[in-house]
Every structure is written in structure tokens, then in C-alpha cells.
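For reference, the structure discussed in these notes is given below.
The values are calculated or read from the model by the stated rules, or taken from the named source; none is laboratory data. For clarity, every value in this text was computed on a predicted model and none was experimentally measured. Here the Cβ positions follow ideal geometry from the backbone for every residue, glycine too, while neighbour counts run over all protein chains shown. Note: accessible area is taken over every heavy atom of the protein model, side chains too, but ligands, DNA and RNA are not part of it. Shrake-Rupley method; radii C 1.70, N 1.55, O 1.52, S 1.80 Å.
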Amino acid sequence: MIKFDAVSKRYPGGHEALSNISFHLEKADFAFLTGHSGAGKSTLLKLIMQMEKASSGQVFVNGQNLNRLSRRQLPYFRRNIGLVFQDHQLLFDRSVFENVALPLQIAGFDSRDAGRRVRAALDKVGLLKKENQNPIALSGGEQQRVGIARAVVNKPDLLLADEPTGNLDPLLSAEIMELFEEFNRVGVSVLIASHDLSLIAKLRHRILTLDHGRMIQGATEKIVSDS
């Protein structure tokens with residue numbers, strides 16, 4: 001599903017955010033990406049989403065070499081990836097339903113089909129009864145659930161999350177992680193960037209650790225999970 005082959009990312013001025021990264025995450029795998037602040041976690045996710053380009057090496061997603069991805073192909077490529085942010089990035093001038101429907105509107109889905117997909121996604125995260133509310137009226141945990149529903153409404157093969165529990169208490173964090181595990185159990189590949197080591201330690205999934213742009217743990221390990 002995801003393969004990095006000797007990937008480095010250098011920014012103008014010479015800062016090397018990632019250095020010679022190689023790892024392989026297979027389809028339906030679940031892994032955590034950890035490391036100190038500035039270790040390169042967000043940069044790695046941006047390379048997968050093609051929000052950034054690798055300076056050297058090759059990135060493959062679902063068998064596609066991203067070095068060869070054209071600008072025209074990019075929107076179609078991104079439809080197969082769901083992305084969850086720490087700060088939710090919801091639109092507070094739209095309802096919960098409208099926030100979740102946004103990716104489908106951009107993709108040109110028929111309104112009736114989009115409505116079915118949105119309600120199915122909201123039902124999965126336990127917010128179907130709040131589809132008409134404004135996200136600003138929801139709790140932090142509920143807002144994150146809206147963000148997850150929006151990320152999966154396109155039924156993506158791959159789900160990425162960047163510090164999805166960073167603003168939540170331990171109980172809500174555990175609930176959010178259970179949602180990610182539920183999607184993984186139905187075949188969705190999941191990669192979560194997180195610094196919450198205590199939460200990660202409770203879950204039996206592969207851990208990829210970055211330190212100053214280098215991968216120091218997990219590059220060749222297999223998943224250890226009973227899920």
C-alpha cells in the first residue's frame with residue numbers, strides 16, 4: 001500500500017526533514033508514526049498526500065510511483081486517501097452534514113448518492129442524529145468524529161491521521177483510536193502520526209519511529225496485532 005525507497009526531503013536553505021527513509025506498509029496494515037516534535041512525521045504524511053515532493057528516492061502508494069504522478073492525476077489519486085487533522089479543519093458556516101459531504105461535492109457525486117454516503121459515515125462515528133447541527137456546538141471529541149467521517153466518506157483505501165488525539169483527553173483519545181481500528185478491520189490501511197506514547201503502548205500495532213528525519217525503529221518489522 002505504501003512504500004518508501006531511500007526517500008529524502010530537503011527544504012530550501014538546506015534543512016533535511018527526512019533522510020534516506022525506507023519502509024513498506026502493506027494493504028490493510030495499521031501502524032503508528034512516532035518521534036519528537038520536528039522529527040519529520042508531518043513531512044512524511046505530506047509526501048504520501050503529495051502536498052510535498054521527495055527530493056530523492058521513490059514513494060509508492062497502492063503500486064503507483066508518485067514521482068510519475070501528473071498534476072492532472074493528483075485529484076483522483078487523493079480521493080483514495082482519507083486525511084484526519086489534529087485541529088479538525090471543519091467549516092463552521094456549514095452543518096455537520098455539509099462538512100462531511102464536501103469531498104463528495106468536489107468529486108461530483110450525485111446528491112442522492114452523496115446523502116446516503118454521508119449518513120452512513122455519520123452513523124459509523126455515532127453522529128447521525130447531529131447531522132443538522134453546526135460543528136461549533138459539538139464537543140472536541142465530536143468534532144474529531146466529524147473529521148473522521150469526512151475522511152472516510154469517499155470509502156478510501158488508505159486513512160492517514162496527523163496527531164488526531166492531540167487535543168483530547170485519554171478517554172476520548174481511546175474512543176477515537178477504536179474508530180480507526182474499526183475501519184482497519186474492514187480492510188482500510190491506517191497510518192497515524194502521534195506522540196502519545198502511553199496510548200500507543202496500549203495498542204498492539206506496528207510502530208515507525210523517526211529521529212531527526214531518520215527512521216530508527218519499525219522499517220522492517222511486521223505487524224503484531226490481533227485485530
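General observations
- Partner aspartates and glutamates whose Cα lies under 18 Å from the Cα of Lys46, excluding those fewer than 8 positions away in the same chain, are identified as Asp5, Glu16, Asp87, Asp157, Asp162, Glu163, Asp211.
- Here the chain is treated with +1 on each Lys and Arg Cβ and -1 on each Asp and Glu Cβ, and its dipole about the Cα centre works out to around 780 debye.
- Entry note, the chain: the mean residue ellipticity at 222 nm calculated from DSSP H runs of n ≥ 4, each adding -39500 (n - 2.57), is -9500 deg cm²/dmol after division by the residues and rounding to the nearest 500.
- Residue among Ile148, Leu160, Gln133 farthest towards the positive dipole end of segment 106-173, charges placed on Cβ: Gln133
- Segment 1-46 and segment 79-129 have Cα centres spaced 28 Å apart.
- Averaging the sequence gap over all C-alpha pairs within less than 8 Å and six or more residues apart, then dividing by the number of residues, gives segment 77-168 a relative contact order of 53 percent.
- Of all DSSP bridge pairs formed entirely within the chain, close to 45 percent run antiparallel.
- The magnitude of the dipole of segment 27-114, with charges of +1 and -1 set on the Cβ of Lys/Arg and Asp/Glu and taken from the Cα centre, is near 420 debye.
- Calculated accessible area for the chain comes out at 50 Å² per residue, all protein chains present (probe 1.4 Å; ligands, DNA, RNA ignored).
- Percent accessible area from carbon and sulfur atoms, the chain, protein chains only, probe 1.4 Å: 48
- Mean separation of Cα pairs under 8 Å and 6 or more residues apart, divided by the residue count, gives the chain a relative contact order of 30 percent.
- Within-12-Å neighbourhood charge of Arg10 [Cβ basis; K, R +1; D, E -1]: 0
- Along the chain, longest interval not containing exposed GluC sites (Glu not before Pro), exposed being DSSP loop plus at most 14 other Cβ atoms within 10 Å: 27-220
- Sequence-distant residues sharing a close amide H with Leu208 (under 5 Å, placed H): Phe32, Leu33, Thr34
- Computed about its Cα centre, the charge dipole of segment 47-182 is approximately 760 debye, with only Lys, Arg, Asp and Glu carrying charge at their Cβ.
- Within the straight-line cut-off of under 29 Å between alpha carbons, the lysines reachable from Lys129 are Lys155, sequence neighbours fewer than 8 places apart in one chain being disregarded.
- Just so you know, the Cα atoms of segment 40-124 work out to an Rg and Dmax of 15.3, 44 Å.
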